[in-house]
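Asks: Dropping the structure in here first, questions after.
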Amino acid sequence: MEWTTLFDIALGAILVNNFILVQFLGICPFMGVSKKMDTAVGMGFAVIFVMGLASALCYPVNLLLDSLGLGYMKTVAFILVIAALVQFVEMFLKKSIPTLYEALGVYLPLITTNCAVLGVVLLNVQENYNFIESVVYGITGGAGFLLAIVLFASIRERLEFSDPPKAFRGFPIALITAGLMALCFMGFSGLQIPW
Amino acid sequence: MNIGKQLKEGLITQNPVLVQLLGMCSTLAITTTISNGIGMGLSVTAILTLSNVFISLLRKIIPEQIRIASYIVVIAGFVTMVDLLLQAYQPDIAESLGVFIPLIVVNCIILARAESFASKNKVLPAAVDGICQGLGYTVVLVVMSAIRELLGSGSLAGARVFPADYAATMMALPVGGFLTLGALIALMQWIQNKAKGGK
């Protein structure tokens, strides 16, 4: 296992192929939970946690399905694993870290239908990542999500006081803002470390 | 039952993308060419209609507590079917839509219609609802992909309109997706404001 490959994967997941702004995975929570800074941060960390765990868990599931010749059941199997995982994380947090559970509130169950989580698992299979690479990709993909949502939430908090045309108020202006952020992230494309 | 009313809701007043703001990921990601837009729109319409019918049939059997998980399994089953069919008969479209076909499972439109409509209505209205909401989604996808394909690569459905050198490549990139959708939703809000002011 080369550290450089892992670093490449991490760099790609956080900046070059940011899950939200370049690959369009996880737009729903990105738009829905970014009105306030603290909820955005909470959501970001919950997503890192679930994406890392889901990558780790779905790797053996994928091997099992392949060895049984049931490769076409991937989508169904993965979504069940993710739904069960989110349920367990919720129960675990409720029992052991109630403060964090309170803070995440309704966003935890919503992660099940966050396409970034299912997306990262499917991309792991598509890219033929091994176990460690999958977990790194999951965690750093989540970190990219956190970065984007924190930046976006801080812009949106200021956007509240601006005065856009009436038709653009609310959602449209937020989308335009996200578009400008995506434009900035285009600057990272082609970023490579010459080893 | 009122097909006209459901159709109007799906296409305009309750349009899944422009008014209910559901299913953003796929809308933004795959609307780079018209053929992609049509392929995705029709796939989602088919899955939405089938899952609405199935969930409506099972609405008295599925226990309240595990309904969301049951819906997801039903939806995932249909998505897998459509995925395999596309790979077999339309490999080009399956290739360019890539990971977004299996991701229809977590498309909020389908789960939202299952929860708010199919689980409370009889089979026939649920099927009509699936078709109407699916059509509303497809129309938005086609309009968006037409705008982005025209401005981004200077062609419409593959036919060249003006030389590619004059095209703004930006519109075919993620930026263009956000800007186009923002402008379309703003247009929708403007129309709604006008309609309210007129009355």
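The values are calculated or read from the model by the stated rules, or taken from the named source; none is laboratory data. Nothing here was measured: the structure is a model prediction, and the numbers come from that model. Side chains are part of the model used for accessible areas, which takes the heavy atoms of the whole protein and leaves out ligands, DNA and RNA. Shrake-Rupley method; radii C 1.70, N 1.55, O 1.52, S 1.80 Å.
Asks: Considering Cα pairs under 8 angstrom that are at least six residues apart, work out the relative contact order of chain A and quote it in whole percent.
Replies: Details: 211 pairs, mean separation 83.9, N = 195.
Rounded, it is 43 percent for chain A.
Asks: Which percent of the accessible heavy-atom area of the range B:70-178 goes to carbon and sulfur, probe 1.4 angstrom?
Replies: Of all accessible area on the range B:70-178, carbon and sulfur atoms account for 68 percent.
Asks: Buried by at least 40 Å² relative to the chain on its own: which residues of the range A:66-85 qualify, computing accessible area with a 1.4 Å probe on protein heavy atoms?
Replies: Residues passing the criterion (a loss of at least 40 Å², heavy atoms only) are A:Tyr72, A:Thr75, A:Val76, A:Ile79.
Asks: Run the helix sum for chain B: -39,500 (n - 2.57) per DSSP H stretch of 4+ residues, divided by residue count, reported at 222 nm to the nearest 500 deg cm²/dmol.
Replies: Only helices count here, giving -21500 deg cm²/dmol.
Asks: Still on this structure, I have one more. Mean Kyte-Doolittle of at least 1.0 plus a Cα span of 30 Å or more along the axis: flag which DSSP H helices in chain B meet both, please.
Replies: Those that pass (Cα extent of 30 Å or more, hydropathy at least 1.0) are B:34-57, B:67-89, B:123-153.
Asks: Past the 19 angstrom mark, what percentage of all C-alpha to C-alpha distances in the range B:1-71 do you count?
Replies: Summing the P(r) of the range B:1-71 above 19 Å gives 52 percent of all pairs.
Asks: Turning to a different aspect of this structure: Would you look at the GNM of chain A, springs on alpha carbons closer than 10 Å, and say which of A:Met43, A:Met51, A:Met73 moves the most?
Replies: A:Met73
Asks: Using protein heavy atoms only (no ligands, DNA or RNA), what is the total accessible area buried between B and A, 1.4 Å probe, nearest 100 Å²?
Replies: Separately minus together, B and A give about 3000 Å² buried.
Asks: Could you give the alpha-carbon Rg of chain A over 2.2 N^0.38 Å, rounded to two decimals?
Replies: Normalised Rg, Cα atoms only: 1.08.
Asks: Average projected area of the Cα convex hull of the range A:12-109, in nm²?
Replies: 7.4 nm²
Asks: Hey, any idea what Rg/Rh is for the protein assembly as shown, computing Rh the Kirkwood way over Cα pairs?
Replies: Using only Cα positions, Rg/Rh for the protein assembly as shown is 0.95.
Asks: To continue, here is another question. Mind grabbing the accessible area of A:Glu127 for me, 1.4 Å probe, Å², rounded to tens?
Replies: For A:Glu127, the solvent-accessible surface is approximately 100 Å².
Asks: On to the next question. Which residues of the range A:113-128 show a drop of at least 30 Å² in accessible area when all protein chains are present, compared with their chain alone (probe radius 1.4 Å, heavy atoms only, ligands and nucleic acids excluded)?
Replies: Those are A:Thr113, A:Cys115, A:Leu118, A:Leu122, which lose 30 Å² or more relative to the chain on its own.
Asks: Okay, moving on. Please sort through the DSSP H helices of chain A and keep those with an alpha-carbon extent of at least 27 Å along the long axis and a Kyte-Doolittle average not below 0.5.
Replies: Flagged H segments are A:37-67, A:74-96, A:131-159.
Asks: Report the dimensions of the range B:82-199 along its three principal axes from the alpha-carbon atoms, largest first, rounded to Å.
Replies: The principal-axis extents, from largest down, are 53, 51, 22 Å.
Asks: I've got another one for you. What accessible area, in Å² to the nearest ten, does a 1.4 Å probe give for A:Asp66?
Replies: The value for A:Asp66 is about 80 Å².
Asks: Based only on Cα atoms, what mean projected area does the convex hull of the range B:3-144 have, in nm²?
Replies: For the range B:3-144, averaging the hull's shadow over all directions gives 7.8 nm².
Asks: For A:Tyr59, A:Tyr137, B:Tyr166, give me the order by solvent-accessible area with a 1.4 Å probe, most accessible first, ignoring ligands, DNA and RNA.
Replies: Working: A:Tyr59 60, A:Tyr137 20, B:Tyr166 175 Å².
Ranked list, largest accessible area first: B:Tyr166, A:Tyr59, A:Tyr137.
Asks: A further question follows. In whole percent, and with a 1.4 Å probe on the protein chains, what portion of the accessible area of chain A is carbon and sulfur?
Replies: 68 percent
Asks: Here is a further query. Solvent-accessible area per residue for the range A:1-121 at a 1.4 Å probe radius, Å²?
Replies: Per-residue accessible area for the range A:1-121 comes out at 45 Å².
Asks: For the range B:167-172, what does the Karplus curve 6.51 cos²θ - 1.76 cosθ + 1.60, with θ = phi - 60°, yield as ³J(HN,Hα) per residue in whole Hz, taken in order and with x for Gly and Pro?
Replies: Once rounded to whole Hz, the list reads 6, 8, 3, 3, 5, 7.
Asks: Relative contact order for chain B: what is it in percent, counting Cα pairs under 8 Å that are at least 6 residues apart?
Replies: Once normalised by length, the contact order is 34 percent.
Asks: Taking 40 Å² as the minimum loss, tell me which residues in the range B:63-83 lose that much accessible area going from the chain by itself to the full protein complex (1.4 Å probe).
Replies: Hits at the 40 Å² cut-off: B:Ile72, B:Val73, B:Thr80.
Asks: Here's a follow-up. Given the pairs B:Lys5/B:Lys122; A:Lys36/A:Lys74; B:Lys5/B:Lys60; B:Lys8/B:Lys122, which are separated by over 28 angstrom at their Cα positions?
Replies: Violating the 28 Å Cα-Cα cut-off are A:Lys36/A:Lys74.
Asks: With all protein chains present and a 1.4 Å probe, how do B:Cys132, A:Cys184, A:Cys28 order by accessible area, largest first?
Replies: Numbers: B:Cys132 5, A:Cys184 95, A:Cys28 40 Å².
Most to least solvent-accessible, the answer reads A:Cys184, A:Cys28, B:Cys132.
Asks: Report the residue, chosen from A:Phe145, A:Phe92, A:Phe161, that carries the largest GNM mean-square fluctuation when chain A is represented by alpha-carbon nodes joined by springs under 10 Å.
Replies: A:Phe161
Asks: Starting from the amide H of B:Leu156, placed 1.01 Å from N in the peptide plane, find each other amide H under 5 Å away whose residue is 5 or more places distant or on another chain.
Replies: B:Val161
Asks: Leaving out ligands and nucleic acids, note down the accessible area per residue over the range B:102-199 with a 1.4 angstrom probe, in whole Å².
Replies: Averaged over the residues of the range B:102-199, the accessible area is 44 Å².
Asks: Is it possible to state the helix-based mean residue ellipticity at 222 nm for chain A, with each DSSP H run of 4+ residues giving -39500 (n - 2.57), the sum divided by total residues, to the nearest 500 deg cm²/dmol? What is it?
Replies: -23000 deg cm²/dmol
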